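Following: one structure in structure tokens, then a few remarks.
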Amino acid sequence: MKKTVKQVAGIDVAKGELVVTLGRMFEDFTIELFSYRVFKNSASGIKSLIDWATKLTDRQIPVRYVMEATGVYHQKLAYHLADNGYEVSIVLPNKISNYIRTLDLNTITDKSCSQAIAQFGLERKLDRWFKPKSIYKELQQLTRERDQIVQERTILKNQLHAEKSEAFPHQKSLERMRARI
């Protein structure tokens, strides 16, 4: 029997579900993707995922949980895993997309994405992700909020310009738009 040297859970994260493929690398550098399952992206789903992965993997070798940075949907999982001492790697989506292009995949599904993420995690030496300090999380949220406000303001300015350019602009509409800006 070949000795396992690395274990990965490749996770394709979506708003409502976690599509997971477990893989391992043996001492001769061969890779085996050996189990697949879908979980809810919720507290109970995350617990089930961890229980399932623990049951199916070698407890002597840590499992690296690898996922894409998917907006905010991966954060609940990443924070829970990091808070409980599990190894986590978060990869930029363009890296995974470029990697998938190197594989001979005719159809891309959630399952094939999770398999590709697992294989990527097994083939690469990925940095371990650590939970950022709370100030960085707060700054991230404030930056997102500011970006949304700037976008809304631009839309309103364009609408105001269009309303002013009409043959008979409605004064009350102009006042409301100025107030919103």
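Given +1 at the Cβ of Lys and Arg, -1 at the Cβ of Asp and Glu and no other charges, the dipole of segment 134-179 around its Cα centre is 60 debye to the nearest 20. Please give the charge dipole size of segment 1-59, origin at the Cα centre, charges +1 on K and R Cβ atoms and -1 on D and E Cβ atoms. Round to the nearest 20 debye. It comes to approximately 180 debye.
The lysines within cross-link reach of residue 164, meaning a Cα-to-Cα straight distance under 27 Å and a gap of 8 or more places when in the same chain, are 172. Annotation note: chymotrypsin sites (Phe, Trp or Tyr not before Pro) in segment 2-41 located in DSSP loop regions with a Cβ neighbour count of at most 10 within 10 Å are 29. Within segment 134-179, what whole-number % of the accessible surface is contributed by carbon and sulfur, with the 1.4 Å probe and all protein chains included in the calculation? Solvent-exposed carbon and sulfur of segment 134-179 make up 54 percent of the total. If only the Cβ of Lys and Arg carry +1 and only the Cβ of Asp and Glu carry -1, the dipole of the chain around its Cα centre is close to 440 debye.
Shape class of segment 4-123 from the Cα gyration tensor (axes a ≥ b ≥ c, square roots of the eigenvalues): oblate, since a/c reaches 1.5 or more and a/b does not exceed b/c. Rounded if a/c is under 1.5, else prolate if a/b beats b/c, else oblate: with a ≥ b ≥ c from the C-alpha gyration tensor eigenvalues square-rooted, which is segment 110-149? It is oblate, given that a/c is not under 1.5 and a/b is not larger than b/c. For the set 3/55; 2/40; 111/137; 6/131; 3/76, the pairs lying more than 25 angstrom apart at their alpha carbons are 2/40; 111/137; 3/76.
Name the residue, out of 60, 151, 119, whose mean-square fluctuation peaks in a Gaussian network model built on the chain with Cα pairs under 10 Å. Of the options given, 151 has the highest mean-square fluctuation. Entry note, the chain: the mean residue ellipticity at 222 nm calculated from DSSP H runs of n ≥ 4, each adding -39500 (n - 2.57), is -16000 deg cm²/dmol after division by the residues and rounding to the nearest 500.
Computing FRET efficiency as 1/(1 + (r/R0)^6) for residue 159 and residue 72, where r is the C-beta to C-beta distance and R0 is 30 Å, gives about 0.55. Given their separation in residues at 0.36 nm each and the Cα-Cα distance between them, residue 123 and residue 168 gain 9.7 nm when the chain is fully extended. The trypsin sites (Lys or Arg not before Pro) of segment 15-60 meeting both criteria, a DSSP state outside H, G, I, E and B (loop) and at most 12 other C-beta atoms within 10 angstrom of the site's C-beta, are 15, 59. Accessible area per residue for segment 4-123, computed on protein heavy atoms with a 1.4 Å probe, is 50 Å². Taken as Cα centroids, segment 97-154 and segment 44-69 sit 19 Å apart, rounded to the nearest whole angstrom. Want the number for residue 83 to residue 5: 0.36 nm per residue separation, take away the alpha-carbon distance, what's left? Roughly 25.6 nm would be gained on extension.
The values are calculated or read from the model by the stated rules, or taken from the named source; none is laboratory data. Keep in mind that this is a model prediction, so the values were computed, not measured. Glycine also receives a Cβ, built like all others from the backbone with ideal geometry; neighbour counts cover every protein chain displayed. Remember, those area values only see protein heavy atoms, side chains included, never the ligands or the DNA or RNA. Shrake-Rupley method; radii C 1.70, N 1.55, O 1.52, S 1.80 Å.
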